[in-house]
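Report on one structure; see the data block that follows.
Quick note: the coordinates plus some simple rules give every number you see, no bench work behind them. What you are looking at is a predicted structure, and each value in this text was computed from that prediction instead of being measured. All Cβ positions, glycine included, derive from the backbone under ideal geometry; neighbour counts span all protein chains shown.
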Amino acid sequence: MNETERTVILAALKQQTVTLPDQTHVRALGQGTWRMGEDQTKRQAEIEALHVGLDSGMELIDTAEMYGEGASEQLIREVLKERRDEVFLVSKVYPHNAGGEKLRTACERTLENLGTDYLDLYLLHWRGSIPLQETIDGLEQLKAEGKIRRWGVSNFDVKDMKELLSLDQGDQCAVNQVLYHLGSRGIEYELMPLLKQHGIPVMAYCPLAEGGSLRDQLLDHPTVERLAEEHGVKPAQILLAWAIRSGDVIAIPKAGQAQHVEENGKAALVDLSEEELAALDEAFPAPTKKEPLDIV
């Protein structure tokens, strides 16, 4: 990608933002890091990929203490050394660490791994046995101390979200990170409307079905291939453009190579028409009833 193309993508991404409950604007395309940092032979390529993503305007980088048991966070540390102010940094805590001193210890370990003194967003990775109120209280304390700027949840379905929102300061939840892509639309029936009602965006992990068995079915589908050809992009960019179409979704595809990151960024240039969206709906219908939350 040349400098002109990168400038065009950056300008497009600046126009495609998602608003968090505290009115912070985050660009709709970010970078996931699941399974990154675990293979030393890929380390430099992965660091380069994250840098290229930042250069292209994908400011959000998502990780978790679970990813390589800190290896992903330590990889990101190399990127943050001179660019911390450019990054909207997200990490996630294990459910078994999400309360009391364990939460503080986990957060401080994550900060040390990342080489930073704060997270922009800290998520409960999934629901565990620790009471949600205890987790909320701990996250609010970390926020008061400046260790995190805001907090949210991941893999929460409707029942969990309703319980969370009913608790003291549960309405401070900034996002719900869930699996969402063209082949997995179950959240559209009830979960997305609930989140929208409360002004809570979706953060879509595996928006290219990276972790599931549907990837080939999506990328090779005739409708997706036709639209990609018409827009002069690859099928993956159609899937990403679809995922962020509403303005309420932040997509965080993982890409461990600079070329793939550059390709992902081109999704910001794809404006799907009503007719094209209808064609994708016909190929991959929206849910007509409540479906279990997909998890990878």
### Hydrodynamic radius of the stretch 17-80 per Kirkwood, over alpha carbon pairs, in Å
12.4 Å
#### Entry: Considering only the chain, percent of DSSP beta bridges that pair antiparallel, nearest 5
15 percent
### Query
So what's the gap between the Cα centers of the stretch 1-76 and the stretch 95-135, to the nearest angstrom?
21 Å
### Query
Between Asn264, Asn97, Asn176, which gets the highest mean-square fluctuation from a Gaussian network model of the chain, Cα cutoff 10 Å?
Asn97
### Query
Expressed as a fraction of 2.2 N^0.38 Å, the rule-of-thumb size for a compact globular protein of N residues, what is the C-alpha radius of gyration of the stretch 110-216?
1.14
### Query
When the chain is modelled as a GNM with alpha-carbon springs shorter than 10 Å, which of Gln237, Gln31, Gln172 fluctuates the most?
Gln172
### Message
What number does the chain give for Rg over Rh if you use C-alpha atoms and the Kirkwood radius?
### Response
0.95
#### Entry: Exposed-site-free run, longest, the chain (rule: GluC sites (Glu not before Pro); DSSP loop; at most 12 other C-beta within 10 Å)
146-296
### Query
What does the helix-only formula give at 222 nm for the chain: each DSSP H stretch with n ≥ 4 adding -39500 (n - 2.57), the total divided by the residues, and the result rounded to the nearest 500 deg cm²/dmol?
-12000 deg cm²/dmol
### Task
Fewest Cβ neighbours within 10 Å first, please rank Ser246, Ser184 accordingly.
Ser246, Ser184
### Cα centroid separation - the stretch 165-182 against the stretch 187-231, whole Å
18 Å
